[in-house]
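Right, one structure below, let's go through it.
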Amino acid sequence: MKTNMKRNLLTFTAVGALALAGYAFAEPQGEFGGRHGGWHGQGFAMGHLTKALNLTPDQESKVQPLLDQARPQIIAIHKDAMEKTHAIIDKTMSQIRPVLTPEQQKKFDALQKARQDMRSAVQELHAAMSQ
């Protein structure tokens with residue numbers, strides 16, 4: 001039972017971290033993004049398509065506006081999904097804590113703090129890249 005609880009707790013923590021990381025990568029390009037192979041938004045998609053499909057400059061000029069048009073919709077969907085995911089994780093974590101022993105609660109609280117720190121770090125990264 002203890003091992004199963006630990007595994008579930010780690011799974012929730014990992015899901016939360018991955019969700020936050022996914023949100024960071026879906027956000028607008030920062031200085032690391034670029035039209036040909038950046039890591040954010042359409043920069044990555046355009047770089048990937050250009051290379052994988054060997055697009056000509058003319059094709060790139062036609063494909064880029066399509067990616068630009070889809071991007072805000074994708075970001076909005078992703079943001080909504082992340083907010084819903086965080087709400088579910090937060091609710092689940094608040095239900096798990098009372099089931100734990102005091103010793104487990106201390107460890108649980110440390111994991112929760114680490115999760116919150118990760119969330120804050122991703123938000124700071126996003127803010128810095130948006131400037």
TODO: Scan region 40-57 and give yes if some residue there is in contact (Cβ under 8 Å) with a residue 60 or more places away in the chain and either in a helix (DSSP H, G or I) or surrounded by 15 or more Cβ atoms within 10 Å (Cβ to Cβ) (or both), otherwise no.
DONE: yes
Task: Condition met for ARG71 (within 23 Å of the chain's Cα centre (by Cα), surrounded by 11 or more Cβ atoms within 10 Å (Cβ to Cβ), charged (D, E, K, R) and in a helix (DSSP H, G or I)) - done: yes
- [ ] With respect to LYS51, determine if the residue is farther than 19 Å from MET129 by Cβ and modelled with pLDDT under 90.
- [x] yes
- [ ] Return the pairs, sorted by first residue and then second, in which the second residue is of a type outside the set (Lys, Arg) and part of a helix (DSSP H, G or I), the first residue lies in region 102-131 and is without any contact (Cβ under 8 Å) to a residue 12 or more places away in the chain and under 17 Å from ILE89 (Cβ atoms), the beta carbons are less than 6 Å apart, and the residues are 6+ apart or on different chains.
- [x] none
Task: Subset of region 71-80 (residues that are of a type outside the set (Lys, Arg) and in contact (Cβ under 8 Å) with a residue 24 or more places away in the chain) - done: ILE74, ILE75, HIS78
- [ ] Might you let me know whether region 22-43 holds any residue that is modelled with pLDDT of 60 or more and not basic (Lys, Arg)?
- [x] no
- [ ] Check off (1) out of contact with any Ser or Thr (no Cβ under 7 Å at 6 or more places or on another chain); (2) surrounded by 12 or more Cβ atoms within 10 Å (Cβ to Cβ) for ARG115 and give me the number that stays unchecked.
- [x] (1)
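The values are calculated or read from the model by the stated rules, or taken from the named source; none is laboratory data. On a predicted model such as this, the values are computed, not experimentally measured, just so you know. Virtual Cβ from ideal backbone geometry, glycine too; neighbours counted across all protein chains shown.
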